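Down below is the structure, laid out as structure tokens.
The values are calculated or read from the model by the stated rules, or taken from the named source; none is laboratory data. Predicted model only: the values in this text are computed from it and were never measured. So basically every Cβ, Gly included, is an ideal-geometry build from the backbone, and we count neighbours across all protein chains shown. Side chains are part of the model used for accessible areas, which takes the heavy atoms of the whole protein and leaves out ligands, DNA and RNA. Shrake-Rupley method; radii C 1.70, N 1.55, O 1.52, S 1.80 Å.
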Amino acid sequence: MSTGPLSTGPLHARPLQAGSRVSVVGCGYLGAVHAAAMVQLGHTVVGIDPDLDRSAGLARGEAPFYEPGLDAMLRAGLASGRLCFSRDIADARDATLHFLCVGTPQAQGRLAADLSFVHSAVDDLLRILKPGDVVAGKSTVPVGTAAGIADQVAARGGTLVWNPEFLREGFALPDTLRPDRVVVGVPDGPDGERARDLLAAAYGPVLDTAPLIVTDYATAELVKVAANAFLATKISFINAMADLCELAGGDVVQLAEALGHDSRIGRRFLQAGLGFGGGCLPKDIRAFMHRAGELGADQALTFLSEVDAINTRRRLKTVAMVEEWLDHRVLGARVAVLGAAFKPDSDDIRDSPALAVAEALHLRGAEVVVTDPRARANAQRRSPQLRYADSAEEAATDADVVLLLTEWRDFVELDPEVLGKVTARQRVLDARNALDRDAWSAAGWEVRCPGRAPVGA
Ligand code: UDX
């Protein structure tokens, strides 16, 4: 996926068809970005979301979450007159291509994905579908879901394709407009070919740099969950190595560097630390395991339960490291928490490892003060029992220990000399292996990191 700067100029689309329109059903993390990107590609787009606050906000050019560049792109789209939002599926009637972008969260109390939003969006779409329309499913679904929907769409004269999305939060726009690949699962026969061509025309210039991989439905659905399972496995693998390094006296950062030079392995997603969270990796690997069980292949994915367990232990382990550092006198200790979002450049706190650690330390009696450049308001809503600060300096004032839990650039670039003047003790736990340890220890700090020997003081 591209990490380079995103062109703000319009990409020159090969128009879908004069006067034709695209609808995007479901305007959350995926759909809001997809709608804005489709306008950028030259299409006329209606975004449909039944949530009043969300639709109204989007119609003002305000995304319901923080994503770099998205508000500006929404506003440009709205100003062009080619983007609008509605709560009413009837407003998608003129579109010929409908992107299904609703969420598939983890079902309550189960590992499975909750498909209720997918099914109700499909029911809505069936009411307005015209012969010749194409529905492109982008939501992450258990394999077999598309096959179950295809007949309903075909009964209205439409064609279903499955077109999974691989965007990362924080890089959602470049990942959408300059993806590594575009995958589309299509049915056999002329309708499938026509639908594939329509989708290819819609992506237009995106396909100048990304290969179009045409598959059957099952493969397209599996590519998405397999990719997330692989990424999660890579993270848990390096975190398991971090445990080994601690016991054997090795250094996990050097280990990852050395492994990463092997082009068969690669350095990315080998950042050891607090592990993965967010709205995708944790729930996707669980839904994948559940689906494998339904298909009679549970043993094939047993390893993913270990990947999940290694990841969950990272949070417990981070809490244990703090307890140990405080000589188990956590009650009343002042702990500064830098980061609440599940990753930098996001205000998303879904299954956030950072917030889980902050909550656990609070439960053990610590006085926890959290700061985050973007996720503070969301964190405060979910965890009002914690204290919040506007800046790292404020959070760290009188702290017995400082925890770096989300590696925002603002935190990584903190001046350790300046911060060291406000804390009670100069102790920092860099749970993301992101700080310049030498600079911090030179400024008088004791620095501990997962998978590395402690330095300083
Ligand atoms: C992920 C996939 O990357 C994306 O392709 C898919 O479409 C959605 O799920 P996202 O959840 O936005 O994207 O974040 P990602 O960048 O993958 O990070 C996920 C989590 O893993 C974060 O909590 C991050 O801190 C953690 N992580 C990532 C590590 O702990 N170590 C790493 O080396 C990389």
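Computed values, structure above
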quantity	calculated
Residue in region 270-281 that is within 11 Å of the ligand (Cβ to nearest atom), open to solvent by 60 Å² or more (accessible area, probe 1.4 Å), within 29 Å of Val183 (Cα to Cα) and assigned to a loop (DSSP other than H, G, I, E, B) present	yes
Matching residues in region 226-239 - criterion: being aliphatic (A, V, I, L, M) and more than 10 Å from the ligand (Cβ to nearest atom)	Ala226, Ala229
Residue satisfying condition, being farther than 30 Å from Gly148 by Cβ and either surrounded by fewer than 16 Cβ atoms within 10 Å (Cβ to Cβ) or at pLDDT 95 or above (or both), within set Arg110, Arg127, Arg60	Arg60
Restricting region 438-457 to residues that are assigned to a loop (DSSP other than H, G, I, E, B) and more than 16 Å from the ligand (Cβ to nearest atom), the residue that is nearest to Gly332 (Cα to Cα)	Trp445
Only listed residue being open to solvent by 30 Å² or more (accessible area, probe 1.4 Å), at negative phi, touching a Cys at 6+ places or on another chain (Cβ under 7 Å) and among the hydrophobic types (A, V, I, L, M, F, W, C), chosen from Leu255, Leu259, Leu295, Leu331	Leu255
Which numbered condition Glu367 misses (of (1) under 24 Å from Gly278 (Cβ atoms); (2) of a type in the set (D, E, K, R); (3) in contact with a Gly (Cβ under 7 Å, 6 or more places away or on another chain))	(1)
Boolean, Gly47 is free of Cβ contacts under 8 Å to residues at least 12 places away in the same chain and open to solvent by less than 40 Å² (accessible area, probe 1.4 Å)	no
Any hit, region 32-41, residues being in contact (Cβ under 8 Å) with a residue 12 or more places away in the chain and over 22 Å from Ala201 (Cβ atoms)	yes
Filtered residues of region 160-184 (kept if in a helix (DSSP H, G or I) and within 14 Å of the ligand (Cβ to nearest atom))	Ala172, Leu173, Pro174, Asp175, Thr176
Residue list for region 298-318, restricted to those being crowded, with 21+ Cβ neighbours inside 10 Å and either within 25 Å of Ala375 (Cα to Cα) or over 20 Å from the mean Cα position of the chain (by Cα) (or both)	Asn311, Arg314, Arg315, Thr318
Failed item, numbered, when His290 is tested on (1) away from the ligand (no atom under 16 Å from the Cβ); (2) open to solvent by 30 Å² or more (accessible area, probe 1.4 Å); (3) touching a residue at least 24 places away in the same chain (Cβ under 8 Å); (4) outside any helix (DSSP H, G or I)	(4)
Qualifying residues in region 374-426 (those that are touching a residue at least 12 places away in the same chain (Cβ under 8 Å) and of a type in the set (S, T, N, Q)) - the one nearest to the ligand (Cβ to nearest atom)	Thr406
Given (1) in a helix (DSSP H, G or I); (2) in contact with a Gly (Cβ under 8 Å, 6 or more places away or on another chain), number of the condition Gly192 does not satisfy	(2)
Some residue of region 103-119 being away from the ligand (no atom under 16 Å from the Cβ) and among the polar types (S, T, N, Q)	yes
From Ile285, Ile265, residue being open to solvent by 70 Å² or more (accessible area, probe 1.4 Å), touching a helix residue (DSSP H, G or I) at 6+ places or on another chain (Cβ under 7 Å), outside the structural domain of Arg110 (by TED's automatic domain parsing) and at negative phi	Ile265
Given (1) open to solvent by 30 Å² or more (accessible area, probe 1.4 Å); (2) closer than 23 Å to Pro205 by Cβ, number of the condition Val182 does not satisfy	(1)
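Table: residues versus (1) touching a residue at least 40 places away in the same chain (Cβ under 8 Å); (2) within 16 Å of the ligand (Cβ to nearest atom).
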| position | (1), (2) |
| --- | --- |
| Val186 | no, no |
| Ala201 | yes, no |
| Ala220 | yes, yes |
| Ala242 | yes, yes |
| Ala258 | no, yes |
